[in-house]
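First the structure, in the form of structure tokens, and then the observations on it.
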């Protein structure tokens, strides 16, 4: 009697992870560059506190970060309640919650690397722009950002890789709902727990290859900037 054929692999967790990582990276890029520019070019009261809060998600255990997110965007919070009153559905245990969790893990990487890149820009070029009457906005877009583009692009690639593999905080606020909120990292955990080594091994290999490609790209961008 022939052995039963293995069940097909559900690729939904991988596609969801890619979508979540893409959304989180775009949000992190917008917020991260703004925060990096603020920290690199402005002196204000509470700057060190803002810098510490920006870095905090890298230091906190994922479960602690997930708990904070539950408090902030849960159904009993004002933010979660406002979202539910506007959309008719809660924010937690949705793919949007996974995006929020991944964004908080990606932003610190972008802020730290982008701040260092903006601080290393030749300030003589920025002063020349100001002497010609250019606004700070134009100087940023036409002088600072182009000069720092490669390290920022490398940081963006690493932020995408970081978002792709988020597990702890995502599990706490998005849950483990197959076909809805189950990302690749959570699917791998479930597969290992249930003894489905074929699924776990396949997803691990795919995620590893994607992440290795992203890290390779980030390293090339960094080397080109240093050359």
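The values are calculated or read from the model by the stated rules, or taken from the named source; none is laboratory data. What you see is a predicted model; the values in this text were computed from it and never measured. Glycine gets a Cβ as well: all are built from the backbone with ideal geometry, and neighbour counts include every protein chain shown.
Answer yes if at least one residue in segment 137-158 is assigned to a loop (DSSP other than H, G, I, E, B) and under 19 Å from the mean Cα position of the chain (by Cα), and no otherwise.
Of the residues in segment 137-158, the ones assigned to a loop (DSSP other than H, G, I, E, B) are 148.
Imposing the further condition that a residue be under 19 Å from the mean Cα position of the chain (by Cα) reduces the set to none.
No.
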**Report entry** Among (1) under 24 Å from residue 173 (Cα atoms); (2) over 17 Å from the mean Cα position of the chain (by Cα); (3) surrounded by 15 or more Cβ atoms within 10 Å (Cβ to Cβ) - the single one residue 39 does not satisfy
**Finding:** (1)
Report task. Among what's in segment 127-136 and is assigned to a helix (DSSP H, G or I) and farther than 22 Å from residue 29 by Cα, pick the residue that is farthest from the chain's Cα centre (by Cα). Result -> 131
Query raised in the report: So which of 116, 98 ends up being touching a helix residue (DSSP H, G or I) at 6+ places or on another chain (Cβ under 8 Å), in contact (Cβ under 8 Å) with a residue 24 or more places away in the chain, assigned to a helix (DSSP H, G or I) and surrounded by 17 or more Cβ atoms within 10 Å (Cβ to Cβ)?
Result: 98
Report task. Say whether the condition of being surrounded by 19 or more Cβ atoms within 10 Å (Cβ to Cβ) and part of a loop (DSSP other than H, G, I, E, B) is met by at least one residue in segment 1-9. Result -> no
Query raised in the report: Taking residue 175 and the conditions (1) closer than 25 Å to residue 114 by Cβ; (2) surrounded by fewer than 17 Cβ atoms within 10 Å (Cβ to Cβ), which numbered condition does it fall short on, given that it satisfies the others?
Result: (1)
Query - Single residue of 198, 223 found to be touching a residue at least 12 places away in the same chain (Cβ under 8 Å) and surrounded by fewer than 16 Cβ atoms within 10 Å (Cβ to Cβ) - result: 198
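Can you confirm whether residue 20 is more than 18 Å from the chain's Cα centre (by Cα), over 28 Å from residue 136 (Cβ atoms) and either at pLDDT below 90 or in a helix (DSSP H, G or I) (or both)?
Details: more than 18 Å from the chain's Cα centre (by Cα): no; over 28 Å from residue 136 (Cβ atoms): yes; either at pLDDT below 90 or in a helix (DSSP H, G or I) (or both): yes.
Answer is no for this residue.
Among the residues of segment 57-67, how many are farther than 14 Å from residue 163 by Cα and touching a residue at least 40 places away in the same chain (Cβ under 8 Å)?
The first filter runs over segment 57-67 and keeps only residues farther than 14 Å from residue 163 by Cα, leaving 59-61, 63-67.
Next cut, touching a residue at least 40 places away in the same chain (Cβ under 8 Å) only: 61, 63, 65-67.
Qualifying residue count, segment 57-67: 5.
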Requested in this report: Go through (1) modelled with pLDDT under 90; (2) outside any helix (DSSP H, G or I); (3) over 30 Å from residue 139 (Cα atoms) one by one and return the number of the condition residue 58 breaks.
Outcome: (2)
**Report entry** Search result, residues across segment 181-227 that are farther than 16 Å from residue 164 by Cα and either within 17 Å of the chain's Cα centre (by Cα) or not in a helix (DSSP H, G or I) (or both)
**Finding:** 195, 196, 227
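State which residue is farthest from the chain's Cα centre (by Cα) when the search covers only segment 159-172 and only residues that are surrounded by fewer than 23 Cβ atoms within 10 Å (Cβ to Cβ) and part of a loop (DSSP other than H, G, I, E, B). Working first, answer last.
From segment 159-172, those surrounded by fewer than 23 Cβ atoms within 10 Å (Cβ to Cβ) are 161, 165, 167-168, 171-172; that's our starting set.
Filter once more, keeping what is part of a loop (DSSP other than H, G, I, E, B): 165, 167.
Values: 165: 10, 167: 12 Å.
Taking the candidates together, the pick is 167.
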Query raised in the report: Considering segment 122-149 alone, what residues qualify as being surrounded by fewer than 17 Cβ atoms within 10 Å (Cβ to Cβ) and in contact with a helix residue (DSSP H, G or I) (Cβ under 6 Å, 6 or more places away or on another chain)?
Result: 125
